[in-house]
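The values are calculated or read from the model by the stated rules, or taken from the named source; none is laboratory data. Just so you know, these numbers come straight off a predicted model, no measurement behind them. Virtual Cβ from ideal backbone geometry, glycine too; neighbours counted across all protein chains shown. Ligands, DNA and RNA are stripped out before the accessible areas are found, and what is left, the full protein with its side chains, is counted by its heavy atoms. Shrake-Rupley method; radii C 1.70, N 1.55, O 1.52, S 1.80 Å.
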Amino acid sequence: MSNNAQRGKDALKELDRELKSRDRKEQTKPWTIAAMALLIIALVGGGIYLAATWGSDEDVVAEDESTASTEPSEVMEPVALSKQRSTPLDPTVTCTYTEDGQGEFYKGLPQAEGVSTEGTVDITLDTTAGPIGMTLDRSVSPCTVNAIEYLAKEGYYNDTVCHRLTTEGIHVLQCGDPSGTGSGGPGFSFPDEYPADGDAEKDQPTVLYERGTIAMANSGPNTNGSQFFLNYGDSPLPPAYTYFGSINEEGLATLDKIAEAGIAEPASEEEAMMMGPGDGAPKEEVKITSAQVA
């Protein structure tokens, strides 16, 4: 069994335990159980073929049992609106990029020394559904921005499909896997950044990745690679995914059109079970024809 399939199976087992535990609590409201189930299923879905989430090193996954069992607060902290570190970074940092043995799409490692923490990087994804403009923020996640900028310049994202669309619980389009399966990566991984690195103190197990934000998909702590998810709507998630930029209005219009078209029918019963409700490949294929760095 693949690591992704096993992760999905384990997460579903944890969901079952969670629901049974909540059934024993008389004060727990039915809608709370449903919301928790929906959130976990959305996070687990097809193995960051979500289970995209999410594919091997790039999936959005459920948090551990202690996190999952905590009730979300009614008011969730918006990730982008609170994008400031408790201690500002130095003007430059040294990043850590580690080869992971997946060499099929390997383009080499990004430069790791003297990475700037100042300013922004503009990247436009030209897609078959329309342009998606992104502004990447070095001040919060410089090593992530550095990696995405490097891969874009190397042509890594050209002619790749956005393999996952989620329309229930969370509202995301996931892209960045040249294999189109959710399990591919760039041949290297790197550590989490804001807010997943814990710099921003969070007293909530769930925060809001609001409409217009961009974050890295992963398969657990410090497993970032090339896959990212674009939030076309507000998405409540654990603060476990590195936020690194925002989508412009033209890009949001493109994403709205993709979401409105809906999700394709699953190819099999197994895929339907793994993906969960409101989760699958876009009904109309979305392909990044090129990623242009301004």
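Taking all protein chains together, 164, 211 sort by accessible area into 211, 164, largest first [probe 1.4 Å]. Once all protein chains are placed together, residue 99 keeps about 120 Å² accessible to a 1.4 angstrom probe.
Assuming R0 = 35 Å, what is the FRET efficiency of residue 154 and residue 269, from their Cβ-Cβ distance, to the nearest 0.05?
For residue 154 and residue 269, the calculated efficiency is 0.35.
Farthest toward the positive end of the dipole of the stretch 73-122, out of 87, 112, 97, is the Cα of 87, where the dipole comes from beta carbon charges about the Cα centre.
Surface exposure of the stretch 216-285, expressed per residue as accessible area with a 1.4 Å probe, stands at 42 Å².
Taking a ≥ b ≥ c as the square roots of the eigenvalues of the alpha carbon gyration tensor, the stretch 220-294 is oblate, as a/c is not under 1.5 and a/b does not beat b/c.
Please work out whether the stretch 140-280 counts as rounded, prolate or oblate from its C-alpha gyration tensor, where a ≥ b ≥ c are the square roots of the eigenvalues and a/c under 1.5 means rounded, while otherwise a/b larger than b/c means prolate and anything else oblate? Since a/c stays below 1.5, the shape of the stretch 140-280 is classed as rounded. Taking all protein chains as shown and a probe of 1.4 angstrom, residue 115 keeps an accessible surface of around 10 Å². With the whole protein complex present, residue 197 retains an accessible surface near 70 Å², based on a 1.4 Å probe.
With a 1.4 Å probe and every protein chain kept in, tell me what percent of the accessible surface of the stretch 82-161 is carbon plus sulfur.
The nonpolar share, carbon plus sulfur, comes to 44 percent.
Quote the charge dipole size of the stretch 103-151 about the Cα centre in Debye, to the nearest 20; the model charges only the Cβ of Lys and Arg (+1) and of Asp and Glu (-1).
Working: 2 positive and 7 negative charges, 12 e Å.
Dipole about the Cα centre, nearest 20: 60 debye.
Surface analysis of the stretch 86-211 yields an accessible area of 39 Å² per residue, using protein heavy atoms and a 1.4 Å probe. Basic side chains Lys and Arg get +1 at the Cβ, acidic Asp and Glu get -1 at the Cβ, and with that the dipole of the stretch 132-268 about its Cα centre reaches some 240 debye.
Each of 257, 107 has its accessible area taken with a 1.4 Å probe; listed largest first, they run 257, 107.
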